[in-house]
Amino acid sequence: MWSTPSQDWFSPGANLGILGGGQLGRMFALAARSLGYRGHVFSEEKNSPAGQVADSETVGDFLDEDAIARFSAGIDVATFEIENLPYETALRISEMVPVRPDPSILRVCQHRTREKNFLAANGFPVAPFVDINSDQDLQDGLRLIGMPAILKTVDGGYDGKGQCFIAKPSDAATAIARHAGQAMVLEKAIDLAMELSVIVARGSDGHVAHWGVIANRHEHHILDVSMAPGEIAPELADEAITMATEIAQQLDLVGVMCVEFFLDSRGKLLVNELAPRPHNSGHLTIEASPTSQFEQQVRAICGLPLGSTAIVRPAAMANLLGDLWDEGVPHFERISAYRNVRLHLYGKANPRPGRKMGHVTALGRTPAEAGRIVRKARNAIRGNENPQATDFGASVESTQLLPCPS
Ligand code: ADP
Ligand code: MG
């Protein structure tokens, strides 16, 4: 297994630092443990999903010098599980231990305009966009791009947070009032045929691996269901994979990165956004592939050879949001009635609406079959008498955008 590691590799037993305490960090820490590494989490909150399962943790403000020093002193190499953390923190840590991916990649990907400028400058297709810093910019931008359009905060947004849909001129005033003083980007609303992602991993030796195309369905701007392999024309799959690979190479990535794509109604692929870390749409790799996205992140940052990314069984993943708790604690015991369905819970105490609490993954003979099973299993957990009666969360088409989600 460890036959051809690169020169700057970290052997099992090393301490892997993870910036951020969420579910991605939790699954990374579990993968690290299963390969014999130790995980050390840096989280701003106590009892975080990642902190609960890691070997050790530093709890403190990301900008606190003491906390940064304590975290760095206990690790051999660091990575991150979120983009919304101060670039300066990642940079400061990189003066003490290697940070992979490099903080410069975090800086590009944590800022929508910087990211879009990087993509456009390197010839990758993106939706038409305009930088917005004032009311006048917005008026000019809307004239240039047309409506419908989407106004997004340049940083700090996730799961559709910080986004406003502008269908008519009066929506623009509401959008500006809501985000007064924040730097924004205005993007043309794309008539979506489909959403896709490609998760790539790149080792320190430049070797790239990917799990192919994953098809994603969103509800209210939040990922709802992912299926792999994504069923699209092979030429389009190749085009998406080639773009994702080239983006990883251009950025000199060492680690795991998700490239989110829009497929528009005319069959054109556009890059939506980049996440230089494992991604919600890649959770199904835990069950579908010999190497999960989390194990691959461990391998990449430790300088080990990347593992096989074959999708050995079609799979589908459905998110479990806090809304599922509306009618009381979900009936998790019912999962055991489903063969080939696996439950993951993140250890979060407060099930707020829209909050990602866990997910379920199903394996099937085809991606569509896995998709049907995973929805049925989720319905069963929710406590519907007849699991086939309603497809929880499927009432809004993925292409339908709602105005100004909070
Ligand atoms: P986040 O960081 O919240 O994931 P995204 O830019 O990926 O932000 O937006 C979330 C979702 O909102 C997308 O996956 C898509 O469903 C919808 N969306 C965002 N931008 C556009 C757009 N320009 N055209 C159509 N749908 C969009
Ligand atoms: Mg997104």
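The values are calculated or read from the model by the stated rules, or taken from the named source; none is laboratory data. Bear in mind the structure is a predicted one, so any value in this text is a computation, not a measurement. Cβ sites come from the backbone with ideal geometry, for glycine too, and all protein chains shown count toward neighbours. Note: areas computed on protein heavy atoms with side chains; ligands, DNA, RNA excluded. Shrake-Rupley method; radii C 1.70, N 1.55, O 1.52, S 1.80 Å.
Observations
- First in segment 157-178 and assigned to a helix (DSSP H, G or I), second anywhere and open to solvent by less than 70 Å² (accessible area, probe 1.4 Å) and within 16 Å of ligand 2 (Cβ to nearest atom), Cβ under 6 Å, 6 or more apart: Ala175/Leu151; Ala175/Cys164
- Residue within segment 288-304 that is closer than 21 Å to Val374 by Cα, surrounded by fewer than 16 Cβ atoms within 10 Å (Cβ to Cβ) and aliphatic (A, V, I, L, M) present: no
- Qualifying positions in segment 155-170 - open to solvent by less than 50 Å² (accessible area, probe 1.4 Å), more than 7 Å from ligand 1 (Cβ to nearest atom) and under 17 Å from the mean Cα position of the chain (by Cα): Gly156, Gly162
- Candidate set: segment 185-196, residues that are within 16 Å of ligand 2 (Cβ to nearest atom) and either part of a helix (DSSP H, G or I) or open to solvent by less than 40 Å² (accessible area, probe 1.4 Å) (or both); chosen: the one nearest to Ala237 (Cα to Cα): Leu196
- Residue ID - farthest from ligand 2 (Cβ to nearest atom), chosen from residues in segment 152-182 that are modelled with pLDDT of 90 or more and of a type in the set (A, V, I, L, M, F, W, C): Ala167
- Residue list for segment 128-154, restricted to those being assigned to a strand (DSSP E or B), more than 10 Å from ligand 1 (Cβ to nearest atom) and more than 12 Å from Gln182 (Cβ to Cβ): Val130, Asp131
- Scanning segment 248-300 for residues that are assigned to a strand (DSSP E or B) and either among the hydrophobic types (A, V, I, L, M, F, W, C) or modelled with pLDDT under 95 (or both) yields Val256, Met257, Cys258, Val259, Phe261, Phe262, Leu263, Leu269, Leu270, Val271, Leu274, Ala275.
- Test: residue in segment 230-243 that is closer than 25 Å to Val360 by Cβ, in a strand (DSSP E or B) and of a type in the set (D, E, K, R): no
- Hits in segment 265-281 - residues which are of a type in the set (Gly, Ala, Ser) and away from ligand 2 (no atom under 16 Å from the Cβ): Ser265, Gly267
- Residue within segment 232-244 that is within 14 Å of ligand 1 (Cβ to nearest atom), farther than 30 Å from Gly36 by Cα and not aliphatic (A, V, I, L, M) present: no
- All conditions in (1) within 13 Å of ligand 2 (Cβ to nearest atom); (2) of a type in the set (Phe, Trp, Tyr); (3) in contact with a Ser or Thr (Cβ under 7 Å, 6 or more places away or on another chain) hold for Phe262, with the sole exception of (3).
- Residues being acidic (Asp, Glu), touching a helix residue (DSSP H, G or I) at 6+ places or on another chain (Cβ under 7 Å) and within 21 Å of Arg33 (Cβ to Cβ) - total across segment 255-314: 1
- Scan of segment 88-121 for residues that are open to solvent by 70 Å² or more (accessible area, probe 1.4 Å), in contact (Cβ under 8 Å) with a residue 24 or more places away in the chain and acidic (Asp, Glu), ordered by number: Glu88, Asp102
- Top-ranked residue in segment 206-226 [being open to solvent by 50 Å² or more (accessible area, probe 1.4 Å) and modelled with pLDDT of 95 or more; ranked as farthest from ligand 1 (Cβ to nearest atom)]: His207
- Restricting segment 10-30 to residues that are surrounded by fewer than 24 Cβ atoms within 10 Å (Cβ to Cβ) and more than 16 Å from the chain's Cα centre (by Cα) leaves a set whose member that is nearest to Ile68 (Cα to Cα) is Asn15.
- Considering segment 122-153, and only residues there that are touching a residue at least 60 places away in the same chain (Cβ under 8 Å) and over 16 Å from Ala275 (Cβ atoms), the residue that is surrounded by the fewest Cβ atoms within 10 Å (Cβ to Cβ) turns out to be Asn122.
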